[in-house]
Amino acid sequence: MAEERSGLRPRGNEEIAFAMSKSTRKQGTNKCFVYILASFVVLFAVVLVFASIAFRVKSPQIELRSATASHITSITSPSPSFNVTMIAYLTIKNPNFGRFDYDNSTVRVLYEGASVGEKGFASARVKARQTKGINITVNSGIILVTSDINSWMLNLTSYTKLNGKVHLFKILKKTTTTEMACIMNLNLTSKSIQDFQC
């Protein structure tokens, strides 16, 4: 009776259930917003990490994988010398997520610091994260110095330099240069190339 006099009615079960469901919906909406925000932050972090890896340009690597000598002919006059045909197998490794286009280049063979033979190779393309192999034949004419006449072992250096561009996702083009210098010994007795180091 007192509740009726004060104008207050006791809450029914329906009103209590409605109030509770309203509160639950509000909490659910807040949780949903937090989950969406957390997902966005994680996605942004993943994209940022991927972009920092994918858009980082590394210089391609050129390596001398093998070298052999053939057709060694000796000339004794007017000074001791040799004509040597060298066959080299080079690889160009592109570690980037975009293709590498390189310009025409040349492999040089040096003896005592002087170029004794060279062979050019044409411009080409190395696809993203792939390796391209090149066979090159270099003819060299070598005039021996006195110390090498006695040892029959020639210390040679092969050198090449590649200039080109890395293309990333048709967005970024970056000019890059890579070089290779390998030291090797040409054994004139066994007519073989030994101990090459790059």
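A short reminder: the numbers here are calculations on the coordinates, not readings from a lab. Note that the structure is predicted; figures quoted are calculated from it, not measured. Quick reminder, even Gly has a Cβ in these numbers, built from the backbone with ideal geometry, and neighbours come from all protein chains shown.
Data table
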item	result
Rounded to the nearest 20 debye, dipole of the stretch 61-197 from Cβ charges on Lys, Arg, Asp, Glu	1020 debye
10 Å binning of all Cα-Cα separations within the stretch 61-197, expressed as whole percents from 0 upward	12, 40, 25, 15, 7, 2, 0
Gain upon complete extension [LYS58, THR177; 0.36 nm per residue less C-alpha separation]	41.8 nm
